Amino acid sequence: MNYQVDENGFYGPFGGAYVPEILYKCVHDLQEAYRPIIESREFKEEYYQLLRDYVGRPSPLYLAKRMSERYNCRLYLKREDLNHTGAHKINNTIGQILLARKMGKKRIIAETGAGQHGVATATVCALMGMQCEIFMGATDVQRQHTNVERMRMLGAVVHPVRTGNMTLSDACSQAIRDWCCHPADTFYIVGSTMGPHPYPDIVARMQSVISEEIKTQLLEKTGRDYPDCLVACIGGGSNAAGTIYHYMDDDRVRIVLAEAGGRGIYTDFTAATIHRGTEGILHGARTLVMQTDDGQIKEAFTISAGLDYPGIGPMHANMALQKRTEVLAINDDEAIRAGYELTRMEGIIPAIESAHAIAALQHLQFSPEQVVVLTVSGRGDKDVETYLNNKDKAGEYGRF
Ligand SMILES: *Cc1c(COP(=O)(O)O)cnc(C)c1O
């Protein structure tokens, strides 16, 4: 089984490029251009140099001793939280801005939910001296005010989006509308493994540095370049794609992904798209979508702004369909508790998104010699208030 994109831009039944006619040319140009550029020596040299000297890669692979004991395995944490700007998102924005520059684009646009991708995009635009405009739901602009201020300080213009629920999904739609108005000079930096082909493939390749490093680091630390199990959280799917990229076809490696159950997958307050979604088209791709029977997009609900998306990357929709990945829905309260647990057991405050991956551990059975690699996609500084407001859900860790 091959889980990579095919020559038509599909992953099994999912993917493709369903865009308005006005974008045909620029999406087609990108389809033609992206592989030769990112496979070129010139691109790779600059990309890897920036990842090393600017982002701070390779990110450490850390053996979490106390958590290993608790979960009866050898648990290694892949520390994407230690990257510049605090999450894995920068791996992708560095790559896409180099691609944009090579294609002669002058103006950068991006969507953002929690603001993490907006900040990572504004950061690389400052680095390259390029014009940057960010679309963000008006609700999120209020909820994630610090990230809005960071983007503005970095020189980006932030456009609050007032359509729909005024959250991430609406910001994506607005970014696509803007792109339609400026197809010639604008490059859209997509933040996850979503959107029309070739974006899911571009983002997966940019994040694949995560599993490239895991291979080398595991070989050094365990004498074997593969784990028994990989664990990551999944919103659109970019940190998960990066974590599994070099192991997708390796049957020795079990893959467990944690999506956001919100208040529970059988309630209306969930973002668990793989559990609850049905086939549809969202933001340029055929994929699983949370929608009503007549095809209206439903709002996603989760405590985690970074997982708050009613779609899922087509690559992940297909891998779940083929049963290559096991997808667990983790509810808000489980994620909160797991965030506190990692904080108290290892001294690492994870992003609330990453805490969903930690919470998956309690649902899995291991034996002491098994090697598990879990990606900590981001740091929890942005979520301290959320953690504190929910400390009643943290069990023994919440009594302080
Ligand atoms: C954005 C974000 C996510 C979710 O996005 P993916 O594309 O699914 O990785 C997860 N963790 C953090 C820290 C994020 O900022």
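The values are calculated or read from the model by the stated rules, or taken from the named source; none is laboratory data. Only a predicted model underlies this, so the values are computations on that prediction, with no experimental measurement involved. Don't worry about glycine lacking a Cβ; one is built from the backbone with ideal geometry, like all the others, and counts go over all protein chains shown.
For this structure, a couple of remarks:
- Contact annotation: no residue pair with Cβ atoms under 7 Å, 6 or more positions apart or on different chains, pairs a residue in region 83-94 that is more than 16 Å from residue 52 (Cβ to Cβ) and without any contact (Cβ under 8 Å) to a residue 60 or more places away in the chain with a partner that is among the β-branched types (Val, Ile, Thr) and within 10 Å of the ligand (Cβ to nearest atom).
- Cβ-Cβ contacts under 7 Å between residues 6 or more apart (or on different chains), taken from a first residue in region 340-359 that is over 19 Å from residue 399 (Cβ atoms) and buried (at least 24 other Cβ atoms within 10 Å of the Cβ) to a second residue that is small (Gly, Ala, Ser) and at pLDDT below 95, are listed as 351/306; 352/304; 353/304; 353/306; 356/304.
- Here 85, 139 are screened, and the one residue that is in contact with a Ser or Thr (Cβ under 7 Å, 6 or more places away or on another chain), of a type in the set (Val, Ile, Thr) and on the phi > 0 side of the Ramachandran plot is 85.
- Here the condition is being more than 16 Å from the ligand (Cβ to nearest atom), out of contact with any strand residue (DSSP E or B) (no Cβ under 9 Å at 6 or more places or on another chain) and within 30 Å of residue 184 (Cα to Cα); of 38, 90, it holds for 38 alone.
- Annotation note: of 355, 359, 335, the sole residue that is in a helix (DSSP H, G or I), within 16 Å of the ligand (Cβ to nearest atom) and either β-branched (Val, Ile, Thr) or in contact with a strand residue (DSSP E or B) (Cβ under 6 Å, 6 or more places away or on another chain) (or both) is 359.
- Residue within region 311-322 that is of a type in the set (Val, Ile, Thr) and farther than 25 Å from residue 10 by Cα present: no
- Checked against (1) touching a Pro at 6+ places or on another chain (Cβ under 9 Å); (2) among the acidic types (Asp, Glu); (3) closer than 16 Å to residue 193 by Cβ, residue 259 passes all but a single condition, namely (1).
- When the criteria are applied in full, residue 148 fails the requirement of being in contact with a helix residue (DSSP H, G or I) (Cβ under 6 Å, 6 or more places away or on another chain), within 12 Å of the ligand (Cβ to nearest atom) and more than 30 Å from residue 221 (Cα to Cα).
- Residues of region 161-185 that are within 14 Å of residue 26 (Cα to Cα) and among the basic types (Lys, Arg): 177 alone.
- Here residue 160 does not fit the description of being under 23 Å from residue 43 (Cα atoms) and either away from the ligand (no atom under 16 Å from the Cβ) or assigned to a helix (DSSP H, G or I) (or both).
- Comparison of 178, 170 shows that the only residue that is at pLDDT 95 or above and either in contact with a helix residue (DSSP H, G or I) (Cβ under 6 Å, 6 or more places away or on another chain) or not β-branched (Val, Ile, Thr) (or both) is 178.
- Wholly within region 52-129, strands (runs of 3 or more DSSP E) carrying at least 3 residues that are under 14 Å from residue 374 (Cα atoms) and among the basic types (Lys, Arg): 74-79
- Flag for residue 372 being surrounded by 13 or more Cβ atoms within 10 Å (Cβ to Cβ), more than 16 Å from the ligand (Cβ to nearest atom) and within 22 Å of the chain's Cα centre (by Cα): yes
- Only one of the numbered conditions (1) buried (at least 24 other Cβ atoms within 10 Å of the Cβ); (2) without any contact (Cβ under 8 Å) to a residue 12 or more places away in the chain is violated by residue 220, and that is (1).
- Matching residues, region 187-238, being touching a His at 6+ places or on another chain (Cβ under 9 Å) and of a type in the set (Val, Ile, Thr): 189, 190, 193, 210, 214, 234
- Put simply, of 335, 272, 305, 300 the only residue that is buried (at least 24 other Cβ atoms within 10 Å of the Cβ), in contact (Cβ under 8 Å) with a residue 40 or more places away in the chain and in contact with a Pro (Cβ under 9 Å, 6 or more places away or on another chain) is 300.
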